[in-house]
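The values are calculated or read from the model by the stated rules, or taken from the named source; none is laboratory data. Here the structure is a predicted model, which is why all the values come from computation and not from measurement. Cβ placement follows ideal geometry from the backbone for every residue including glycine, while neighbour counts extend to all protein chains displayed.
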Amino acid sequence: MERRGFLKSSIFGAALIGARAIVPGAINSASGKSAPSDKVKIGLIGCRNQGWTNLEAFLDYPETECIALCDVDEEWLNKRAADLEKRTGKKPKQLVKDWRKIIDNKDVDLVIIGTPDHWHCLQLVAACEAGKDVYVEKPLANTLEECDLMVEAARKYKRVVQVGQWQRSDPHWDEAAAFVQSGKLGRVRTVKVWAYQPSKWSLPAAPDSNPPAGVDYDMWLGPAPKRPFNENRFHYNFRFFWDYAGGLTADWGVHLLDYALKGMNVGLPEYVYGAGGKLGYPDDAMETPDTLMATFKYPDFNIIWDHACGIGNGLFDKKEGLAFFGENGTLLLTRAGWEVRPEMTNSGRNFPYCYPCDNKPSSPVPRMEALAWRKGEGKGLYRHAGNTLKCIKNRELPSADVAIGATVAKLCLMGNISCRLGRALSWDNAANSFVNDNEASTLSKAIYSEPWKLPTI
Ligand SMILES: NC(=O)c1ccc[n+]([C@@H]2O[C@H](COP(=O)([O-])OP(=O)(O)OC[C@H]3O[C@@H](n4cnc5c(N)ncnc54)[C@H](O)[C@@H]3O)[C@@H](O)[C@H]2O)c1
């Protein structure tokens, strides 16, 4: 395939240059041509929404410069080029619809990948092969197999790969996780994680049509199955179609479940059961469940994911968040902050209250001190960009390193696969595969449409 030829010819040079700078145990420094004082030169692939938001966060740091923009949609490409010029006073040097030209651009140090999930793996692996550091959007990928490949590529080519799970750089999330690990909550038996999204409404069915003028639709589809254009499956709404993404579980789930794993200090579970479907909007166009609950079972606790589209009444009056239920108290954590609500006890009196004996319950007392709501500072994305830049310089692992992104993306995908198959699944961590379930294993694999090939590392 031409692409492989392209990668070999264009990337080989960069890989060799990079090889000079290998420091054992550290991540290899960027292409080797820039002095540490130089600006980090950014190329953005996928400009419309989050890709652009990410770029803006990087541009808040004076040591960055965006030299290249890429999007398959000319309208958004031109709009973002104008936005960039307005913001920085400079036009991007390179404006392209084919992302491979960004990879081929020797001056690009950092590639931001803001494309739909089905593209992340190909673009990330190519960028790593080319000796570039990467900021890639979450969820890391659309299949378990791709997640593993992406970790392998980052490690093999010694690249800094930051995943867009920006909570990892937002201090209050780590404060809350440290509190869970302090043991003060007592034994945590349940972690509930939820996203109730009144804004994720139904998607009325729409007929297939021609792609809008100026859109390279083949390049939008890429490795996904060929099909006629449909506006429902395009910008933003791709999230709700299995070919490109994993619905609300993968979209919101990776952000929040990441902290369930971090708080409990665990990786993937040995058992998952996901149940749900299109219960709210059975006739609309979305493929992914509008309602889903997944139980991830660990030896002595459960993590429960719960989402609903079109309903905003989440737990504790929060649309989304997570709650660690301990025997002494419950820690509630959201993007806005965190708090601890103590469990109440009857201070040693027997329960239940018995009459006419005088074993009257005393007034309840808290099992631990309450912690009032601690507001987060609300600069997670800005700090995440800063952490990426720091790691590009010092070659350390970033706060949402690719392996972190891979684990939580795989967790979410496992919940989705169980729900799609309608049965519980066992997972073997040592073998990195589902246990005795061919259908689940098939859904964990990436099947690419020609001419695209799953990268080999
Ligand atoms: N970290 C966060 O807080 C956060 C928030 C929103 C979205 N996201 C993630 O960002 C990614 C993009 O989501 P979005 O909402 O920005 O989607 P979007 O559809 O608004 O934007 C994606 C852009 O990528 C372009 N694109 C598609 N294929 C391309 C290709 N092969 N080459 C170049 N450009 C291509 C599209 O034309 C579009 O402009 C998703 O993975 C999503 O989960 C993360």
Quiz item: Can we say Ala245 is in contact with a Lys or Arg (Cβ under 6 Å, 6 or more places away or on another chain) and farther than 27 Å from His172 by Cβ?
Solution: yes
Practice problem: Just need a number here: residues in the range 388-429 that are over 22 Å from Gln167 (Cβ atoms) and of a type in the set (A, V, I, L, M). | Solution: 4
Practice problem: Would you mind telling me which numbered condition in (1) in a loop (DSSP other than H, G, I, E, B); (2) without any contact (Cβ under 8 Å) to a residue 40 or more places away in the chain; (3) not acidic (Asp, Glu) Ala440 fails? | Solution: (1)
Quiz item: For the range 105-224, list the helices (runs of 4 or more DSSP H) that sit wholly inside it and hold at least 1 residues that are within 10 Å of the ligand (Cβ to nearest atom) and surrounded by fewer than 17 Cβ atoms within 10 Å (Cβ to Cβ); which are they?
Solution: 217-221
Self-check item: Criterion (among the small types (Gly, Ala, Ser), at pLDDT 95 or above, in contact with a Gly (Cβ under 7 Å, 6 or more places away or on another chain) and closer than 22 Å to Ile392 by Cβ) met by exactly one of Gly164, Gly114
Solution: Gly114
Quiz prompt | Subset of the range 231-247 (residues that are out of contact with any Pro (no Cβ under 7 Å at 6 or more places or on another chain), within 11 Å of the ligand (Cβ to nearest atom) and of a type outside the set (D, E, K, R)) | solution = Phe234, His235, Tyr236, Asn237
Practice problem: Out of Thr334, Thr330, Thr288, report the one residue that is in contact with a Phe, Trp or Tyr (Cβ under 6 Å, 6 or more places away or on another chain) and modelled with pLDDT of 95 or more. | Solution: Thr288
Quiz item: Here are Asp300, Asp306, Asp290, Asp284: which of them is within 21 Å of Cys412 (Cβ to Cβ) and either over 18 Å from the mean Cα position of the chain (by Cα) or of a type in the set (Phe, Trp, Tyr) (or both)?
Solution: Asp290
Quiz item: Taking the condition of a type in the set (A, V, I, L, M, F, W, C) and modelled with pLDDT of 95 or more, does Cys419 pass?
Solution: yes
Quiz prompt | Residue match in the range 376-397 (condition: modelled with pLDDT of 95 or more, over 18 Å from the mean Cα position of the chain (by Cα) and within 30 Å of Ala224 (Cα to Cα)) | solution = no
Quiz item: Is it fair to say Ala446 is over 17 Å from Arg159 (Cβ atoms), in a loop (DSSP other than H, G, I, E, B), without any contact (Cβ under 8 Å) to a residue 12 or more places away in the chain and not aromatic (Phe, Trp, Tyr)?
Solution: no
Quiz item: Looking only at the range 70-98, which residues are outside any loop (DSSP other than H, G, I, E, B) and more than 10 Å from the ligand (Cβ to nearest atom)?
Solution: Asn78, Ala81, Ala82, Asp83, Leu84, Glu85, Lys86, Arg87, Thr88, Gln94, Leu95
Practice problem: Just give me the residues in the range 236-251 being part of a helix (DSSP H, G or I) and surrounded by fewer than 24 Cβ atoms within 10 Å (Cβ to Cβ), in sequence order. | Solution: Asn237, Phe238, Arg239, Asp251
Self-check item: Close pairs from the range 197-222: first free of Cβ contacts under 8 Å to residues at least 40 places away in the same chain, partner hydrophobic (A, V, I, L, M, F, W, C) and within 11 Å of the ligand (Cβ to nearest atom), Cβ under 9 Å, at least 6 apart
Solution: Pro211/Trp220; Pro211/Phe234; Asp218/Val72
Exercise. Evaluate the following for Gly89: is it among the small types (Gly, Ala, Ser) and free of Cβ contacts under 8 Å to residues at least 24 places away in the same chain?
Key: yes
Quiz item: Going by the conditions given, is Arg383 of a type in the set (D, E, K, R), touching a residue at least 40 places away in the same chain (Cβ under 8 Å) and part of a helix (DSSP H, G or I)?
Solution: yes
Quiz item: Within the group Val266, Val254, which residue is crowded, with 24+ Cβ neighbours inside 10 Å and either outside any loop (DSSP other than H, G, I, E, B) or in contact (Cβ under 8 Å) with a residue 24 or more places away in the chain (or both)?
Solution: Val254
Quiz item: Among the residues of the range 33-51, which ones are under 19 Å from His120 (Cα atoms) and more than 8 Å from the ligand (Cβ to nearest atom)?
Solution: Ile42, Gly43, Leu44
Exercise. Report, by residue number, each residue of the range 43-91 that is buried (at least 24 other Cβ atoms within 10 Å of the Cβ) and polar (S, T, N, Q).
Key: Asn54
Quiz item: Has the range 56-66 got at least one residue that is in contact with a strand residue (DSSP E or B) (Cβ under 7 Å, 6 or more places away or on another chain) and near the ligand (Cβ under 9 Å from one of its atoms)?
Solution: no
